[in-house]
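All remarks here apply to the structure that follows.
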Amino acid sequence: MKNLTFISCLLVSGWLTGATAADKNQPIYKDAKAPIEDRVNDLVSKMTLEEKVFQLNQYTLGRNNNANNLGEEVKNLPATLGSVIYFDEDPELRNAAQKKAMEESRLGIPIIFGYDVIHGFRTVYPISLGQACSWNTALVEDACAVAAQESRMSGVDWTFSPMIDVARDGRWGRVAEGYGEDPYTNAAFSAASVRGYQGKNLADGKQVAACLKHYIGYGASEAGRDYVYTEISNQSLWDTYLPPYEAGVKAGAATLMSSFNDISGTPGSANHYIMTEILKNRWKHDGFIVSDWSAVPQLIEQGHAANRKEAARLAFNAGLEMDMMGHCYDKYMAELVKEGKISMAQVDDAVKRVLRLKFRLGLFDNPYTPKTTAKERFLLPQSLATAEKLAEETIVLLKNENNLLPLNTKNKPTIAVVGPLAKNRPELLGSWYGHGHAENVLPINEALNAEFAGKANLIYADGCDFDGNDTAKFNEALSAAQKADIILLCMGEKKSWSGENASRSIIELPAIQEQFIAEMKKAGKPMVLVLANGRPLGLSKVEPLCDAIVEMWQPGVPGGKPLAGVLSGRVNPSGKLSITFPRSTGQIPVYYNQRKSARPNSGKYQDIPSTPLYEFGHGLSYSTFNYGDIKLAKETIKRNEKIVVEVPVTNASKRDGAEVIHWFISDPFCTITRPVKELKHFEKQLIKAGDTYVFRFEIDPMRDLSFVDSDGKRFLENGEYFVTVKDKKVKFTIED
Ligand code: NOJ
């Protein structure tokens, strides 16, 4: 009896239940075991207006390494600040700022630290446009998980990635950052990257929050110029630009970033229809939108707001929760609330969205990043292996006349390796290379030396620079070429030629490179053109001069090793283009899923063929894949019935190889006209030499055959549809 009384006394006093006197007074929001929504509500109920406003602002911390976003480093961050862009790569500075937020603010609300981790943090892997050419979503997911782990261990909780702007104009520098010209492809990689970044538990210390950007239509920038107007009909908005965002939101993307562009008269950062009606009301997204850098005050330049206060009001009321470096919300929001121009309910909702993510990331319970050495975080063997595998799969073999590749090394050939990229490390990183270091990149020459040691003689000559008009080194390169059996031309773009604020009016190689390639042709030897670049290029002038063309994109730290593998045959190329290569800049925009023409056989340019140089989906292999006919389970189906289509593909060569198959649907007649064809499914499969693999696609009519109207309403019409794979095509019908 005595014992029982003692135990119940302990229970009451809280000793055995773990509740202490201090705990009893602990607010709900500090209770790690309480449900997140309860914690959010409790905290918001305790906050002053000023504290709420500061949660909706983002400043910067650390050395700003982004030339387009030069801003004052804020040395004395307010302790109540919501977020910072963290430019450092070590957790120390972050932890110091976090300590201030936790200990010097009244309520101890942690800061969320964001950064542009676009294609790797330190283990930089290929640019996104190249990643999409792998058609390997699982591998991209793995690469994003590597980036997430390096970031989180370095003090970054949130990446401003993925960029999922459908882009069809190679002049636009930012075409490098997305997954190409097709909505479905962008949607697939949007979901994959969100899964990779966020994992299953944002609070496990290895994941970061994702940010879908730039919401929306930035890729439609007029003539490929950056930061400009976009004319997007609501039909195209739903058909083309929204699907990747819907997929990312469905995959659980924590945040989105508003876009710089003025969409048909209403800038993205003040667009109520897209930010509130679609994202919050229809898609029920419970995270938040951050503006792009200074996009709120830029509403003035765009002619939408007369001053910064009005800009704050328009952006916030349209549904934009966080002001990135615009200093409009911090300055005017409280005033706007007091004047009744912004409602307190909306401020509360916005703050809850920000806090919800902070709780999900575990920042309240574990605000600090554990200290680790750079060696423990970066360039781990497994991370490097993932980057290398992805770089191998992004390579697209565009041309291979007389099977020049893989190089025949039976007689130990001499290979002249020439061009500005042959020994270069930094340019292979691509734009937005995070905290990547050039010294970690394996240059092409070193990779070739290792790959061909004892098998070929390699001689090097620079030949020419990326641009300019210096031909002084042409002769040296030509005499190297004359001594060689094969010429390897390493050409392309500098990393600063793509990315933000890096558009080009002409997407051909600079004249000096074209001239140099023509000069090398004088040696009369087989020529392999190797390209590393951040956009599709206009290759019409140089294509006829080269026997083989290898598009390696900007591969990141794996550098020249995957390329060397393709040249030697150690790697069988499996990449296929995620974006069309036009014949010339003047042919832009040219993309596979154009709407139908009234006169399909006329109306073409008089000076070039109507086809592009290399179409979306083009890519060669060292294996030979023979496609059988497409088999339909049924020729007529009901509206709610699924239908399976299959196509057998045989690897008729002696080499194992991976084949990517693209399933396209076309709807010949429709109330709202449809594109010539639309990608609805893709699959990549390793097929062993001599084997046949049957690719399969289960068509779900509502998902794959329906179309949207200009307000996103979905319709399915009865009638004929075609499914195509390569040059195989079959018809089926839907009826009641
Ligand atoms: C501007 C860019 O448009 C955006 O993509 C990036 O995330 C922000 N700056 C932050 O660096």
| Can you tell me which residues in the range 147-171 are over 14 Å from the mean Cα position of the chain (by Cα) and among the hydroxyl-bearing types (Ser, Thr, Tyr)? | 151, 154
| query | Out of all the residues in the range 460-479, is one or more closer than 30 Å to residue 220 by Cα, touching a Lys or Arg at 6+ places or on another chain (Cβ under 8 Å) and among the hydroxyl-bearing types (Ser, Thr, Tyr)? | reply | no
| remark: The condition from (1) within 20 Å of residue 675 (Cβ to Cβ); (2) surrounded by fewer than 16 Cβ atoms within 10 Å (Cβ to Cβ) that residue 612 misses is numbered (2)
| Of the residues that make up the range 172-187, is at least one within 13 Å of the ligand (Cβ to nearest atom) and under 21 Å from residue 282 (Cβ atoms)? | no
| field | Residues that are aliphatic (A, V, I, L, M), farther than 14 Å from residue 108 by Cα and either at pLDDT 85 or above or not in a helix (DSSP H, G or I) (or both), drawn from the range 1-31 | value | 1, 16, 19
| remark: Those residues of the range 205-226 which are within 16 Å of the ligand (Cβ to nearest atom), part of a loop (DSSP other than H, G, I, E, B) and either free of Cβ contacts under 8 Å to residues at least 12 places away in the same chain or within 19 Å of the chain's Cα centre (by Cα) (or both) amount to 208, 210, 216, 217, 221, 226
| Is it true that residue 711 is surrounded by 14 or more Cβ atoms within 10 Å (Cβ to Cβ), of a type in the set (D, E, K, R) and not in a strand (DSSP E or B)? | no
| Quick one: is residue 233 surrounded by fewer than 18 Cβ atoms within 10 Å (Cβ to Cβ), more than 14 Å from residue 188 (Cα to Cα), of a type outside the set (Lys, Arg) and at pLDDT below 95? | no
| request: Can you give me the number of residues within the range 367-397 that are assigned to a strand (DSSP E or B) and farther than 24 Å from residue 449 by Cα? | output: 0
| Selected residue (criterion: nearest to residue 581 (Cα to Cα)) from residues of the range 149-169 that are within 16 Å of the ligand (Cβ to nearest atom) and not in a loop (DSSP other than H, G, I, E, B) | 163
| said: Please count how many residues of the range 633-648 are among the basic types (Lys, Arg) and farther than 20 Å from residue 695 by Cβ. | reply: 2
| field | Residues located in the range 175-224, provided they are charged (D, E, K, R) and in contact with a helix residue (DSSP H, G or I) (Cβ under 7 Å, 6 or more places away or on another chain) | value | 177, 195, 206
| query | When you scan the range 227-339 for helices (runs of 4 or more DSSP H) that lie fully inside it, which ones turn up with 1 or more residues that are within 29 Å of residue 50 (Cα to Cα) and more than 15 Å from the ligand (Cβ to nearest atom)? | reply | 298-301, 308-318, 329-338
| remark: Here the qualifying pairs (Cβ atoms under 8 Å; residues six or more apart or on different chains; first in the range 592-607 and not assigned by TED's automatic domain parsing to the domain that holds residue 180; second at pLDDT below 95) come out as 597/603; 604/610
| task | Scan 358, 399 and give me the residue that is under 30 Å from residue 311 (Cα atoms), within 28 Å of the chain's Cα centre (by Cα), crowded, with 20+ Cβ neighbours inside 10 Å and not polar (S, T, N, Q). | result | 358
| So residue 313 fits all but one of (1) of a type in the set (Lys, Arg); (2) touching a residue at least 24 places away in the same chain (Cβ under 8 Å); (3) not assigned by TED's automatic domain parsing to the domain that holds residue 149; what number is the exception? | (3)
| Restricting the first residue to the range 253-276 and requiring it to be free of Cβ contacts under 8 Å to residues at least 24 places away in the same chain, which pairs with a second residue that is in a helix (DSSP H, G or I) meet a Cβ separation below 9 Å and a spacing of at least six or different chains? | 273/234; 273/237; 273/318
| message | Among the residues of the range 276-317, what is the count of those that are of a type in the set (Lys, Arg) and touching a Gly at 6+ places or on another chain (Cβ under 9 Å)? | response | 3
| task | For the range 552-560, state whether one or more residues are without any contact (Cβ under 8 Å) to a residue 60 or more places away in the chain and outside the structural domain of residue 179 (by TED's automatic domain parsing). | result | no
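The values are calculated or read from the model by the stated rules, or taken from the named source; none is laboratory data. Keep in mind the model is a prediction, meaning the values are calculated, not measured. Note: ideal-geometry Cβ built from the backbone for every residue, glycine included; neighbour counts use all protein chains shown.
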